[in-house]
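Rule-based calculations on the coordinates, nothing more; no lab input. Owing to the predicted nature of the structure, the values given are computational and were not obtained by experimental measurement. Cβ placement follows ideal geometry from the backbone for every residue including glycine, while neighbour counts extend to all protein chains displayed.
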Amino acid sequence: MPPRWPRKPDRKDPDYRKIDDRMNFAVHVAIAATINSGLWFFHILKGTTWEWLPWVTLSWTGIVLVHLIYISAIANYTETPPKST
């Protein structure tokens, strides 16, 4: 069952922005896990030597960790988001 939002969704609402960022993070993790596990599966299945594969996995893991740090420690979920000038 998909999550339901009790009021009209609005990016100005801090609770909505927070849940939206977390759902985007979950999608990012799911895509990374799917692609990386598929690459490793075919790497092991075919027995080929893909020297670049560990770097792809480590790079993507680093990007996911940066994304996690952003949504958990850096993102500003105040009542009104700061406007860029």
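Here are the numbers for the structure shown:
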{"read-out": "Filtered residue count, segment 1-42, keeping only those that are surrounded by 13 or more Cβ atoms within 10 Å (Cβ to Cβ) and touching a Lys or Arg at 6+ places or on another chain (Cβ under 7 Å)", "value": "1"}
{"read-out": "Lys8 in a loop (DSSP other than H, G, I, E, B) and touching a residue at least 24 places away in the same chain (Cβ under 8 Å)", "value": "no"}
{"read-out": "Residue in segment 21-37 that is assigned to a helix (DSSP H, G or I) and over 30 Å from Trp5 (Cβ atoms) present", "value": "yes"}
